[in-house]
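The values are calculated or read from the model by the stated rules, or taken from the named source; none is laboratory data. Predicted, not measured: the structure shown is a model, and the values here were computed from it. Cβ coordinates were reconstructed from backbone atoms using ideal geometry, including for glycine residues, and neighbour counts include every protein chain displayed. To get the accessible areas, we keep the full protein, side chains included, count just its heavy atoms, and leave off ligands, DNA and RNA. Shrake-Rupley method; radii C 1.70, N 1.55, O 1.52, S 1.80 Å.
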Amino acid sequence: MTLETALILFVLAAAGLWLTFKYMRNKPKLRIICLVLLSLIALALLGYIVLCFIFIDAIMEQPPSP
């Protein structure tokens, strides 16, 4: 997965969380399930994005090879 794809999916998961809060007030069980699943997806994507930036920084700071 590319970094751009991860960023797009993270934005979609965040939008899904916001829409779940806004429109699923009358279905509490379904709302909780959606919130948990979308939160886990967003957390996993955020971890992936952070690791990508750490690895990119490590590559940029690598000394030149002889």
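Here are some notes:
- Qualifying residue in region 16-24 (condition: outside any helix (DSSP H, G or I), free of Cβ contacts under 8 Å to residues at least 40 places away in the same chain and surrounded by 12 or more Cβ atoms within 10 Å (Cβ to Cβ)): yes
- When I41 is tested against (1) of a type outside the set (K, R); (2) open to solvent by 90 Å² or more (accessible area, probe 1.4 Å); (3) in contact (Cβ under 8 Å) with a residue 12 or more places away in the chain, exactly one condition is not met: (2).
- Residues (of a type in the set (A, V, I, L, M) and either touching a residue at least 24 places away in the same chain (Cβ under 8 Å) or not in a helix (DSSP H, G or I) (or both)) located in region 45-55: L45, L46, I49
- Only a single criterion out of (1) free of Cβ contacts under 8 Å to residues at least 12 places away in the same chain; (2) outside any loop (DSSP other than H, G, I, E, B); (3) among the small types (G, A, S) is not satisfied by S65, namely (2).
- Test: residue in region 42-64 that is under 11 Å from the mean Cα position of the chain (by Cα) and among the β-branched types (V, I, T): yes
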